[in-house]
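Below is one structure, written out as structure tokens; comments come after it.
The values are calculated or read from the model by the stated rules, or taken from the named source; none is laboratory data. All of these numbers come straight from a predicted model, not from anything done at the bench. Heads up, the Cβs are rebuilt from the backbone with ideal geometry, glycines too, and the neighbour counts pull from every protein chain shown. When the accessible area is computed, the model is the full protein with side chains, heavy atoms only, and any ligands, DNA or RNA have been set aside. Shrake-Rupley method; radii C 1.70, N 1.55, O 1.52, S 1.80 Å.
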Amino acid sequence: NTLTDIGNYAFCATGIRHLVIPNSIDTIPEGAFSMCAWLESLEIPNSIKVIGYCAFTHPGLFLSNKPNQIKDIVIPNSVKKIGAYAFVFNEFERVTIGSGVESIGDNAFATFSRDYWPDLPISNEMLDSLLDASSHEIAYVNCLATTPPIMTTNNAFDGSYNHAALIVPQGSVNKYKNAEGWKSFA
């Protein structure tokens, strides 16, 4: 509980299964828990302000023996910034984004799909095989912010835009319909 810093890539590719980040931490740095294929549960405390680049990038797409994956992720209200690729390739079913989030980076919640990799230099058969084994779309994105978080590009949720239900605060629907990145949701 006295830990104040986690280094970049500190726990990258480790066998962590259950992760509770202490309240004494305010930043999850670059790659800190990336490639942790066996992570089954994750608690992000309300002290976190920044989730860094590739903080929780998931390698499950490239594993033949797919581990259990976290299905629901809740980003606390304290978080202001979600970095690029922070949660890319995870197989979330539900994503809840706290009311304090101000920005979401490129491909932060992107999934592996034909939309995400339209020009991948591999054969269509190989791409179809990867998609069959690893394709996943988020079903629900619940964003609690009344002002849509800024997205630097329109790809933060690539692979899920055509299928995910976007749930936003009452009175904010038109803001989301007109905001870059958010207006891509079908």
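What to note about this one:
- Given (1) in contact with a Gly (Cβ under 8 Å, 6 or more places away or on another chain); (2) open to solvent by 20 Å² or more (accessible area, probe 1.4 Å), number of the condition Pro29 does not satisfy: (2)
- Test: residue in region 49-72 that is of a type in the set (Asp, Glu) and in a loop (DSSP other than H, G, I, E, B): no
- Checking every residue in region 7-25 against the condition of being in contact with a strand residue (DSSP E or B) (Cβ under 9 Å, 6 or more places away or on another chain) and surrounded by 19 or more Cβ atoms within 10 Å (Cβ to Cβ) gives zero matches.
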